[in-house]
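Notes follow the structure.
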Amino acid sequence: MEYILMIIGAVLVNNIILVQFLGICPFLGVSSKVNTALGMGAAVTFVMALATLVTSSLQKYVLVPLNITFLQTIVFILVIASLVQMVEIMLKKMSPSLYRALGVYLPLITTNCAVLGIAIKVTEQPLIAAHGFSILDSTFYSVAIAIGFTLAIVIFAGLREQMELVDIPKGMKGVPIALITAGILAMAFMGFSNLV
Amino acid sequence: MSKVKILTKGFFKENPSLILVLGMCPTLAVTTSVNNAIGMGAATTFVLLMSNIIISLLKNVIPDKVRIPCYIVIIATFVSMVDLIIKGFLPALSESLGVFIPLIVVNCIVLGRAEAFANKNSVFDSILDGLGMGIGFTISLILVAAVREILGAGSFMGWQFIPSQYNILIFVLAPGAFLVLGFIMALMRHIINRVEDKRKDKMCAAK
Amino acid sequence: MNRLLNVSGSPHVHSDDSVQKIMWSVVIALIPAFVVSVFYFGLPVIILTLVSVGCCVLFEYLIQRFLMKVKPTVSDGSAVVTGVLLAFNVPSNLPIWMMVVGAIVAIGIAKMPFGGLGHNPFNPALVARVFLLIAFPVAMTSWPVPVPVWGFADAVTGPTPLGILKEGANVEMPTYMNMLLGQMGGSFGEVSAIALIIGAIFLMIRKVISWHIPVSFILTVFVFAGIFWLIDPNQYANPFFHVLAGGLVLGACFMATDMVTSPVTPLGMLVFGCGCGLFTIIIRMFGAYPEGVSFSILIMNAFVPLINRMCKPRTFAK
Amino acid sequence: MAQKKEPSLIILVVVLTSIALVAGLALTGVYALTKGPIELSQKQKKEKALSDVLPGFDGTIVDTVVNFEGDDILVHKAVDKNGKLFGAGVETFTMKAFSGRFDLMVGFDNEGVILNTEVIKASETPGLGDKINKNKSDFAKQFNNNDPAEYKLQVTKDGGDVDAITAATISSRAYCDAVQRAYNVFMKVKEDYHE
């Protein structure tokens, strides 16, 4: 039950883009087509789960015992950057078809603040109070967050595809109208507040 | 390019967040109050300046192949320093900016300036560039924050001058961030279009 | 006519005359509900509606004339409909200036930036309503107690039936008869289910709206509320209550059916209606806000392009 | 991977390692410099909260961790010069807040009467839920000098004695939840306390 609530919370209530403002760059950049948005979502989910698994393990077994949590930022970003590289190389070798589908999005993920942001956030306070800081919880949460990311980016891509077809006033075209759409979407998502 | 231009191009014409659409996350997230915006702007400017200096100093030492990891390490170091300093001396600010201080690492502005400017130019030019971009970023943060704080909380830098029953709460919440930024960007583009139209008219007239 | 409305993508209807006809039909359909609200809430209803309509028309005119520099199209009546619907979605004691803010939002944020009528992905009146709800939570949730026209409507405030359910206030629930006729707390246009249904039937006869969305929306709410009610009748309210309470009938018949912001195929409309119903129940039962109709329609508005994509007739040759 | 024109792998590794090394050293230096102030500011904050919730107390503070319903809760027991329990500051929390969680410090006297409450960490909605902070409204003050044994820690709408913040019932309920948890923990501590 706790995990179901966690999923709802991460996908709808604290949607990473519309509520937490993380990962806005890919949200605005890679959301003009529904198919690309889906690809990006899948790639982010994959990397995020992996990254959170590794970073929370490092946090628990290396940084905290050695009392060097002040190196957190630098360690985490290096882990994420090299993970992205590794995933790219491995995918290329092991599953060329998946690589073709996700490959172009992978390098973009290093600078996607959602991955680093969530990796840091999950270390700050226990996700389920009674569990304390748990690697399993963190990884699970990051997958749920990534699903929320995918949901938001796909909905948004649908809206933008439709907007391509109509005449948006000159000054509003592109990023401004995208931000206003995101604002209205964020309003709609506020209906979910305190769902869990 | 003249030195003055290197410094000032980030203020308006190449404003990193309002024109180049970089660093959107902090622009949306920490602009609930002008004080937060100034803090975030100053922190980012510091990181931008320091990383620009170090990277332009080391531009001949760092091999091309590993430059991105090197930049990331350098940037992350300065970010962690800022994080520690703010935590130690400005704990209230650290609490309200939260995770967005460490996230300066992935702010595209910083890595972008390293790639696009600092690794090709002299140290002095890189200092100007870093300062200019940082100030431009800070200006846009303050602009967004001022609109949000005045409309949403009826105050400016914590000084309340509109009674709370006239506050439009939504502007300090998530949707307000998107709306305000969207309209400010539209306004900027409108101004730029107008200026360019006028310049074209002048040139036509001169001919 | 029906065919034209169902299958064309936006912009839907090219001749001004048809848009006008549709819009005025909607206005006529809203008159019964308006009369009932005036009966219960008195003069403020008339004032707020006039302010809302006037501001919507004025802002649309100003924006088109001076910002977009195009020929104003306010005569198509769409701004009037937005104004009336927006006014119907607020408590009758809302300060006038907040109503003006709502009109600015409806026209200046939800409609014109997207290019005007036919291009806006979200229903303008709903965007404004949700904006007001988030911006002024106190003013937007203190409802005057309905008193027939000879009383003083705005003297006392009381909760809506859904508010009673959510907040557990020690107030008696209105009877079903009162909820049907309109003697319950609430935004002034949503109180009388009967008046709204009469209007909706009129629109269906005129073929301005089709039955798909209202029926699937209300049915979904009924079914899910029923399931919860069967599980635990003490904790969850009766499904009839959920259908009559709050803005469900108004939302399902007049807002969700807005042809610009709803799917084009009948199947899509059914999916759309079910989605609205599902989100409404989720928000009503578990969310922080007592009423979920406007949020759920906005969310489903966002899904419309995806629904259209899924439900479009397949092309055979590829 | 390695191509002909690239500099040799060794150089790459050397450069990267030395940069990382210098970075690590520099960071350790800054850390050493800021460690004091960071700990000091955190300690001051805790101490200030503790002295706010235990007004007029000067004696020794004994910290214990109490496991309550699966959560570890830190209790600062206030013991006066004679070894008698003066009261305690309980670091409590709630998961029912509008934004998920907030943390409070609640002070009790040795009878279990609430002396004072203080928000440690909360991110409730600005303008609404953040009125739980004392500088924004008087909401939190109504808890003071009440004994939860008689004073029902629920908002009036739920049949309790606490007046909720207008339009922020959830934050108000969460506050009650956190205080109730603190009270339960304190009563447990009080039972176990042997002078």
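I'd like the Karplus ³J(HN,Hα) series for the stretch C:90-97: coefficients 6.51, -1.76, 1.60, θ = phi - 60°, whole numbers in Hz, and an x wherever there's a Gly or Pro.
10, x, 6, 9, 5, x, 4, 5
Classify chain C as rounded, prolate or oblate from the Cα gyration tensor: take a ≥ b ≥ c as the square roots of its eigenvalues, call it rounded if a/c is under 1.5, otherwise prolate when a/b beats b/c and oblate if not.
Oblate, since a/c reaches 1.5 and b/c is not below a/b.
Compute, for chain D, the length of the dipole vector about the Cα centre, with Cβ point charges of +1 (Lys, Arg) and -1 (Asp, Glu) only. Units Debye, rounded to 20. Display every interim value, and only then the final one.
Details: 23 positive and 27 negative charges, 197 e Å.
Result for chain D is approximately 940 debye, rounded to the nearest 20.
At residue A:5 and residue C:46, where each label point lies 7 Å from the Cα along Cα→Cβ, what is the point-to-point distance in nanometres?
Simple spin-label model gives 5.2 nm for this pair.
Compare the peptides A:4-11, B:152-159 by average per-residue count of other Cβ atoms within 10 angstrom and give them in order, highest first.
Numbers: A:4-11: 17.9, B:152-159: 15.8.
Result, highest mean Cβ count within 10 Å first: A:4-11, B:152-159.
Taking beta carbons within 10 Å but only from partner chains, what does the mean come to for residues C:60-72?
Numbers: counts 0, 0, 0, 1, 0, 0, 0, 3, 4, 1, 2, 0, 0.
Per-residue shielding by partner chains comes out at 1.
Considering only the other residues whose Cβ falls under 12 Å of the Cβ of residue D:107, what net charge follows from Lys and Arg at +1 and Asp and Glu at -1?
Numbers: positive: D:77; negative: D:52, D:91, D:109, D:118.
Once positives and negatives cancel, what remains is -3.
Under 26 Å between alpha carbons, and skipping anything fewer than 8 positions from residue A:92 in its own chain: which lysines qualify?
The qualifying lysines are A:33, B:65, D:4, D:5.
Tell me the total accessible area that B and D bury against each other, 1.4 angstrom probe, in square angstrom rounded to 100. Write down the numbers at each step before the final one.
Working: alone 11290 and 11910 Å², together 21310 Å².
Buried: approximately 1900 Å² between D and B.
So how far, in whole Å, is the C-alpha centre of the stretch C:288-308 from the one of the stretch D:89-125?
First find each Cα centre; the distance between them is then 36 Å.
Using the charge dipole of the protein assembly as shown (Lys, Arg: +1 at Cβ; Asp, Glu: -1 at Cβ; taken about the Cα centre), state which of A:84, B:123, A:179 has its Cα farthest towards the positive end.
The residue sitting farthest along the positive end of the dipole is B:123.
Excluding ligands, DNA and RNA, what is the solvent-accessible area per residue of the stretch B:93-168 at a probe of 1.4 Å, expressed in Å²?
On the way: 2810 Å² over 76 residues.
Heavy-atom accessible area per residue stands at 37 Å².
Once Lys and Arg get +1 and Asp and Glu get -1 on their Cβ, which of B:81, B:63, B:169 lies farthest toward the positive end of the dipole of the stretch B:3-206?
B:63
Working only with C-alpha atoms, what are the Rg and Dmax values of the stretch B:1-59, expressed in angstrom?
Just the Cα atoms of the stretch B:1-59 yield Rg and Dmax of 13.2, 38 Å.
Hey, got the dipole for the stretch C:15-96? About the Cα centre, +1 on K and R Cβ, -1 on D and E Cβ, debye to the nearest 20?
160 debye
Given the C-alpha centroids of the stretch B:46-79 and the stretch B:141-199, what is the distance between them in whole angstrom?
That distance is 34 Å.
Assigning unit charges at the beta carbon (Lys, Arg +1; Asp, Glu -1) and nothing else, what dipole magnitude in debye, to the nearest 20, does the stretch B:60-119 show about its Cα centre?
On the way: 4 positive and 4 negative charges, 24 e Å.
For this selection, approximately 120 debye.
Going toward the positive end of the dipole of chain B, with +1 on Lys and Arg Cβ and -1 on Asp and Glu Cβ, which of B:34, B:111, B:152 do you reach last?
B:111
When only C-alpha pairs under 8 Å and at least 6 residues apart count, what is the relative contact order of the stretch A:1-112, in percent?
On the way: 56 pairs, mean separation 31.2, N = 112.
Computed value for the stretch A:1-112: 28 percent relative contact order.
Ignore the peptide's own chain and count Cβ atoms of other chains within 10 Å of each Cβ in B:81-90; give me the average, rounded. Kindly include the intermediate steps, with their values, before the conclusion.
Values: counts 9, 1, 5, 11, 5, 2, 6, 12, 4, 2.
Mean partner-chain Cβ count within 10 Å for B:81-90: 6.
Over the stretch A:13-190, with every protein chain in place, what whole percent of the accessible area is carbon and sulfur at 1.4 Å, could you tell me? Provide the component values of the computation, followed by the final result.
Values: 4320 of 6460 Å².
Here carbon and sulfur together make up 67 percent of the probe-accessible area.
For an R0 of 41 angstrom, estimate the FRET efficiency from the Cβ-Cβ distance between residue A:134 and residue C:310 and round to the nearest 0.05. It would help to have the intermediate numbers written out before the result.
Working: r = 38 Å, r/R0 = 0.93.
The calculated FRET efficiency here is 0.60.
Mind grabbing the interface size between C and A? I mean buried accessible area, both sides, 1.4 Å probe, in Å² to the nearest hundred. Before the final figure, lay out each step's value.
On the way: alone 14660 and 10440 Å², together 22620 Å².
Chain pair C/A: roughly 2500 Å² of buried accessible area.
What's the local net charge at residue A:131, with K and R +1, D and E -1, over the other residues with C-beta under 10 Å away?
Numbers: positive: none; negative: A:2, A:137, D:71.
Net of charged neighbours comes to -3.
How big is the gap, in Å, between the Cα center of the stretch A:154-191 and the Cα center of the stretch C:67-144?
Computed from Cα coordinates, the inter-centre distance equals 18 Å.
Run the reach check for residue D:77 against aspartates and glutamates, Cα to Cα strictly under 16 Å, same-chain hits fewer than 8 apart removed. What comes back?
Excluding near neighbours in sequence, the set is D:47, D:52, D:58, D:63, D:91, D:109, D:111, D:191, D:192, D:195.
Could you work out the relative contact order of the stretch A:13-190? I mean the mean sequence separation of Cα pairs under 8 Å and 6+ apart, divided by the number of residues, in percent.
On the way: 169 pairs, mean separation 73.7, N = 178.
Result for the stretch A:13-190 is 41 percent.
Taking the solvent-accessible surface of protein heavy atoms with a 1.4 Å probe, what is the per residue accessible area of chain D in Å²? Before the final figure, lay out the partial values.
Values: 10200 Å² over 195 residues.
Using a 1.4 Å probe on heavy atoms only, each residue of chain D averages 52 Å².
Using a 1.4 Å probe on the protein heavy atoms, what percent of the accessible area of the stretch B:3-206 belongs to carbon and sulfur? Kindly include the intermediate steps, with their values, before the conclusion.
Working: 5610 of 8130 Å².
On the stretch B:3-206, the fraction of accessible area on carbon and sulfur atoms equals 69 percent.
Put one equal scatterer on each alpha carbon of the protein assembly as shown, apply the Debye formula with no solvent term, and list log10 I(q)/I(0) at q = 0.06, 0.10, 0.11 1/Å to two decimals.
Scattering profile of the protein assembly as shown, log10 relative to I(0): -0.45, -1.23, -1.43.
Need one number: buried accessible surface between chains B and A, 1.4 Å probe, both sides summed, DNA, RNA and ligands left out, in Å² to 100. Walk me through the numbers before you get to the answer.
On the way: alone 11290 and 10440 Å², together 18750 Å².
The contact between A and B buries close to 3000 Å².
Give the relative contact order (percent, whole number) for the stretch B:3-206; include only Cα pairs under 8 Å separated by 6+ residues. If you can, show how the numbers build up before the last one.
Numbers: 263 pairs, mean separation 69.0, N = 204.
After rounding, I find 34 percent.
If I compute solvent accessible area with a 1.4 Å probe over the protein chains, what percent of it on chain D is carbon and sulfur?
Numbers: 5600 of 10200 Å².
Of all accessible area on chain D, carbon and sulfur atoms account for 55 percent.
Just from its helices, what would the mean residue ellipticity at 222 nm be for chain C, if runs of 4 or more DSSP H residues each count -39500 (n - 2.57) and the sum is divided by every residue, rounded to the nearest 500 deg cm²/dmol? Mind showing how you got there, number by number?
On the way: 14 runs with 179 residues, N = 318.
My calculation for chain C gives -18000 deg cm²/dmol from helical runs alone.
So which aspartates and glutamates can residue B:59 reach, going by Cα to Cα under 17 Å and dropping same-chain residues fewer than 8 places off?
By straight Cα distance, residue B:59 reaches B:115, B:125, B:129, D:6.
Given the protein chains as shown and a 1.4 Å probe, how many square angstrom of residue A:33 are accessible, to the nearest 10?
Rounded to the nearest 10, the figure is 110 Å².
The values are calculated or read from the model by the stated rules, or taken from the named source; none is laboratory data. If you're wondering where the values come from, they're calculated on a predicted model, not measured in any experiment. Here Cβ is always computed from backbone atoms with ideal geometry, including for glycine, and neighbour counts include all displayed protein chains. Side chains included, ligands, DNA and RNA excluded: accessible areas come from the protein's heavy atoms. Shrake-Rupley method; radii C 1.70, N 1.55, O 1.52, S 1.80 Å.
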